[in-house]
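Q: Take this structure, written in structure tokens, and hold onto it; I'll ask about it next.
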Amino acid sequence: MGRWTQYDEDNYRLPEGVERIGYDSDNGRYYFRDRDGLLYKGPEGSEFGELVQVSELPVAIAPQEDGHDDLEAAPIQRNGYQPLAVDEHGLRHTLRGGSYRTLFPFFLVISVVLLLVWRLVLLPTRVAPAPCPSTTTPYTVQSGDTCYDIARSHNTTLDRLLIVNPHVVCNKLMPGDRVCVPDEGSSISRRFGRRV
């Protein structure tokens, strides 16, 4: 159960015929009126407590002529809406752009995050491959190519292809990857430091 109960209402807490008519924030007291028109003040700093009769209301509390029950609510128009607050010149303060103006920073942050995710996930950056040595020819891998097929089509062996391309993993060749294919008759064992 929430913190509010029916026992917090004036109808239950105040004696019959007594109503709350104001609050003086200077001394922290609520003021009440009974059905005979007599005025009472409550204890300082407390919403309910022992009521003490007073002769008149403080200047800070204007007497209410309209019999409005709820002191904290603004007067309501016939259509059920409350009028907007006005400044000292009588002008109503409204936000230019409405509620969208307050939501703009939120949408801006969401847009930036989505753009970053799109850039990092959907558009991975490719690092430019290192240039091929002078005794080799660059070859771009096509769909369905294997290391063995590339070596055979260029009249070389698989071992020589792997010596020139130590970073290449034959099981993970992707179309668009670049490999360096040794030229026919070139001596790779001397140049790359490995034996054939």
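The values are calculated or read from the model by the stated rules, or taken from the named source; none is laboratory data. Computed from a predicted model, the values in this text were never measured in an experiment. When we count neighbours, we look across all protein chains shown, and the Cβ atoms used for this are built from the backbone with ideal geometry, even at glycine. To get the accessible areas, we keep the full protein, side chains included, count just its heavy atoms, and leave off ligands, DNA and RNA. Shrake-Rupley method; radii C 1.70, N 1.55, O 1.52, S 1.80 Å.
Q: Counting only residues that are under 15 Å from THR136 (Cβ atoms) and in a helix (DSSP H, G or I), how many does the range 159-184 have?
A: Summing the residues that are under 15 Å from THR136 (Cβ atoms) and in a helix (DSSP H, G or I) in the range 159-184 gives 6.
Q: Going residue by residue through the range 118-130, is there one that turns out to be within 44 Å of the chain's Cα centre (by Cα) and within 20 Å of ASP183 (Cβ to Cβ)?
A: Within the range 118-130, one or more residues are within 44 Å of the chain's Cα centre (by Cα) and within 20 Å of ASP183 (Cβ to Cβ).
Q: So PRO124 ticks every box in (1) modelled with pLDDT under 90; (2) surrounded by 14 or more Cβ atoms within 10 Å (Cβ to Cβ) but one. Which box is left unticked?
A: In the conditions (1) modelled with pLDDT under 90; (2) surrounded by 14 or more Cβ atoms within 10 Å (Cβ to Cβ), PRO124 misses (2) alone.
Q: Filter the range 127-150 down to the residues that are of a type in the set (Ser, Thr, Tyr) and either in contact with a strand residue (DSSP E or B) (Cβ under 8 Å, 6 or more places away or on another chain) or open to solvent by less than 80 Å² (accessible area, probe 1.4 Å) (or both) and list them by number.
A: THR135, THR136, THR137, TYR139, THR140, THR146, listed by residue number.
Q: Of all the residues that make up the range 123-158, how many are in contact (Cβ under 8 Å) with a residue 40 or more places away in the chain and not in a loop (DSSP other than H, G, I, E, B)?
A: 4
Q: If I ask for residues that are within 20 Å of GLU9 (Cβ to Cβ) and of a type outside the set (D, E, K, R), which ones from the range 20-44 would you list?
A: ILE21, GLY22, TYR23, TYR30, TYR31, PHE32, TYR40, GLY42, PRO43
Q: When you scan the range 80-90, do you find a residue that is exposed (fewer than 10 other Cβ atoms within 10 Å of the Cβ), at pLDDT 80 or above and not aliphatic (A, V, I, L, M), even just one?
A: The answer is no; no qualifying residue exists.
Q: Further, regarding this structure: Among the residues of the range 6-20, are any at pLDDT 90 or above, more than 46 Å from the chain's Cα centre (by Cα), of a type outside the set (Phe, Trp, Tyr) and part of a loop (DSSP other than H, G, I, E, B)?
A: No, there is no match, as no residue in the range 6-20 is at pLDDT 90 or above, more than 46 Å from the chain's Cα centre (by Cα), of a type outside the set (Phe, Trp, Tyr) and part of a loop (DSSP other than H, G, I, E, B).
Q: Sticking with this structure for a sec: For the range 39-60, which residues satisfy the criterion of being open to solvent by 70 Å² or more (accessible area, probe 1.4 Å), hydrophobic (A, V, I, L, M, F, W, C) and either farther than 13 Å from ASP24 by Cβ or in a strand (DSSP E or B) (or both)?
A: VAL52, the sole residue that qualifies.
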